[in-house]
């Protein structure tokens, strides 16, 4: 895909306009993070170079300014990801309450190590740092959904449900 | 007995909606402020209240507000820091999820006090579902004439927007947050200038934590003087504490500042004691960056006085025997917990979150994680303990922003109070499996 | 005006002067050597400094009005002086220890490839390590590694050597149009990059080579031609339609091996030059030669006999004071003057 072929849907374009209206006219670069979230949700859960260049063209900034920002923040995926990205918190309280078990269990169940996409392209486990869910540890996040107080049984049910649903996870 | 100013109504069904929020006294502070108070009156009330920044640093809010430069013809901004990312802290999330209108009301009142006509709530990107809750509540507020032009007929205009972050702890640092809000990498700025003079887009800006802004609502309602009567000494008012770890009742608790730590941990009103009848080993009282304290020092000060949940009491004894209230992220560890391994998760966190702008933090945080990995792997030597100590001391105080200290302090405190445990990792590497995490979760045997 | 005292020398400077600038003024006026080292600050570029932390100093008195000391060391390049401020740099052992820590951090991931690095001999990190560092590192883990890449046909990027000073980024931001390179990724994964391999192609892009304090950005037209200390730097100029045309030629015999901007005593470019002067004018007849360059920055390429003598004098003094009796030798037995 080249930049010229990439275009937001009608609905997304409307959102872009709403987002741009949140800042003074000459400060539209402020829209970069919201637009990257939107672009990631629109284009298969990750930011390819043409997608980032497209965002740069909307905001009339240099592409490098987008690469710099996209690569700084952990929520932006610069490589293709599984349909459901399972982000397991591993910091302190989550570790204390069994985050390592959660990761191991997911790896066993999905048959791929953390970081890799499962054979059917459905799932990918990623370990992340504190998601602010310490009182409901252990937990993981899939898209904008928090799954808390996890047990192995709960995980089984969640994965089953997602398989049925078969819709790419998104934050926004 | 607990005194609730923020979460008094958090259990009421539908309190997240404007209608129910209003039924329970919501937006009374806004009406009072707009109809009977001048902006400076509100600043004065906040000063009198003794409210201190609830994000972690504890800086007096009224003073911060009074620093705001007011040059003519230049817009001023209020930015709410909802980038809550300090490990152990989840109170802002709770507040925004349960009572979004409390934050919005606080934002309107505070913006009015500061003379801001556009304000932003910067929410960490991972909290996208919260962003949706806030956006919905803001929409309701606009529809009810509580936001937008001529609010409640007062002639005051305010636009309020929610901005998502992208996944970066450092954006909780106020200048990094502003950079991020400007669409840039979250690199903290070199100060001065401070945001009060040159903040968002170079304009005077106040950045306040969610809980701080929410607290402005009860302050306006009951007056600064009344608020100051709550709490203890210079720790006025109430504080949201995020309690997690090996306790029976993890969650968010609103406490009146001054509650004894022992009561907080063991009483059924709060944490309800240690899980599975275990003994308490250590507590990180104010989020991952504050010094860890062993049982004897968290329950009592070095002088033998009961330790209280307040800025002063938790800080009693300095870092030698004390800690900090910080963000109120209260992480409790039982007797089986490895302080070294927990520290490793902190070190990994700070390494992951260092922005990389200045060299001591960029290089030092990774180095500390690698040394700690040696302990976990049973490959450390005694000299690694001293090396670790030295590396943290070389980071502390040498960096652009406080992330350097945040990374260094927990390491220093763990060595200070639990050196024997590091030595154990060196002397008996075979003992590591004793403390290495076991299948606690479902009580199953490790294969 | 503000009166500031740095390492016991007092100077009066205009308001708004930074501690670093004041220290440099003292050195220029008194011939002293109290200016803190810098790796990221660059007086010719805006908003530089504050990142590397090598120029930290200790402020023992904030000002006449508020004499309290500052609780932490401050970056002298980003801290303005106050009237009555007292600063310690070389006279504070604690500060020098803290700086040695910063130097160690800068070196833990820096490769030990000086023998094959084009910057060797004029590298500010070498100078910094030599003057402010310790003899050995305590870092035992593998170093960060990146593949060297060509940024266009004139500039080579060895990311391994980069210390993330941001100077090249600010250069492109401030003196070229349409910056195509920047800092990507975060923390110790951060790197200077164009992200997708792109050439930095602009009339003034070559200046990134001159501002780079280490061998991360080097001139491909000069690669492996010679060690800098075997070349003769001369100042020369030409009528250039794009830049001032005032350059420094690095010559071997009659061959122009390299063209750079002229640098001042702090190792900073005096005037930025264009790519035509830098890369395309390699014939001595392109230039009007003014005479040998004076290189005042202290490094291997400067005529450093003077400083070498200082070091030798220091060693002599120590030897003279050495108590030989303990070892069965007479007092001053190792004093070179006795031999």
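Since every read-out is calculated from the coordinates, none of them should be taken as a lab result. Quantities reported herein were computed from a predicted structural model and do not represent experimental measurements. Positions of Cβ are backbone-derived with ideal geometry, glycine not excepted, and every protein chain shown enters the neighbour counts.
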Per residue, how much space in cubic angstrom lies within the convex hull of the C-alpha atoms of the range A:84-165?
77 Å³
What is the Cα centroid distance between the range C:186-230 and the range A:76-125, reported in whole angstrom?
39 Å
To the nearest Å, what is the center-to-center distance of the range B:34-112 and the range C:80-115, using C-alpha atoms only?
38 Å
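So what are the range A:3-70's ellipsoid semi-axes, whole angstrom, largest first, if each one is the square root of 5 times an eigenvalue of the alpha-carbon gyration tensor? Working shown, then result.
Details: eigenvalues 57, 43, 20 Å².
Listed largest to smallest, the semi-axes of the range A:3-70 are 17, 15, 10 Å.
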Within a Gaussian network of chain B (alpha carbon springs, distance under 10 Å), most fluctuating of B:23, B:135, B:392:
B:23
Out of B:354, B:313, B:393, a Gaussian network model of chain B with alpha-carbon springs under 10 Å gives the largest mean-square fluctuation to B:393
Please tell me the relative contact order of chain A in percent, rounded to the nearest whole number, where contacts are Cα pairs under 8 Å and at least six residues apart.
20 percent
Kirkwood Rh over Cα pairs of the range B:339-435 into Stokes-Einstein at 20 °C, 1.002 mPa s: D in µm²/s?
163 µm²/s
At 222 nm, what value in deg cm²/dmol follows for chain A if DSSP H runs of at least 4 each add -39500 (n - 2.57) and the sum is divided by all its residues, to the nearest 500?
-12500 deg cm²/dmol
For chain C, diffusion coefficient by Stokes-Einstein and Kirkwood Rh (Cα), 25 °C, 0.890 mPa s, µm²/s:
112 µm²/s
Ranked B:401, C:168, criterion: other C-beta atoms within 10 Å, fewest first:
B:401, C:168
If you wrap the range B:273-383's Cα atoms in a convex hull and average its projection over all directions, what's the area in nm²?
8.6 nm²
What is the distance in Å between the Cα centres of the range B:253-321 and the range C:17-32?
51 Å
Taking 0.36 nm per residue of separation and subtracting the Cα-Cα distance, what length does fully extending residue B:132 through residue B:419 add?
98.7 nm
In Å, descending, principal axis extents of the Cα set of the range B:230-290
36, 27, 17
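Rounded, prolate or oblate: which fits the range C:1-121, taking a ≥ b ≥ c as square roots of the Cα gyration tensor eigenvalues, rounded meaning a/c under 1.5, else prolate when a/b beats b/c?
Since a/c reaches 1.5 and a/b is larger than b/c, the shape of the range C:1-121 is classed as prolate.
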What 222 nm value per residue comes from the helices of chain C, counting each DSSP H run with n ≥ 4 as -39,500 (n - 2.57) and dividing by all residues, nearest 500 deg cm²/dmol?
-6000 deg cm²/dmol
Binned at 10 Å starting from 0, the alpha-carbon pair-distance distribution of the range B:18-229 in whole percents comes out as 9, 38, 39, 14, 0
Would you work out the relative contact order for the range A:3-70, in percent, from Cα pairs under 8 angstrom that are 6 or more residues apart?
33 percent
Over the range B:127-239, relative contact order from alpha-carbon pairs under 8 Å, at least 6 apart, %:
11 percent
Report the far tail of the P(r) of the protein assembly as shown, meaning the percent of Cα-Cα pairs longer than 57 Å.
14 percent
Convex hull (Cα only) mean projected area of chain B, reported in nm² to one decimal
21.5 nm²
What whole-number value in cubic angstrom gives the convex hull volume per residue for the C-alpha atoms of chain A?
126 Å³
When chain B is modelled as a GNM with alpha-carbon springs shorter than 10 Å, which of B:342, B:16, B:81 fluctuates the most?
B:342
Which Rg and Dmax, in Å, describe the Cα atoms of the range C:109-292?
16.6, 53
Using every pair of alpha-carbon atoms in the range B:6-93, split the distances into 10 Å bins beginning at 0 and state the percent of pairs per bin, rounded to integers.
12, 30, 42, 14, 1
Per-residue Cβ neighbour rank within 10 angstrom, fewest leading, C:230, A:152:
C:230, A:152
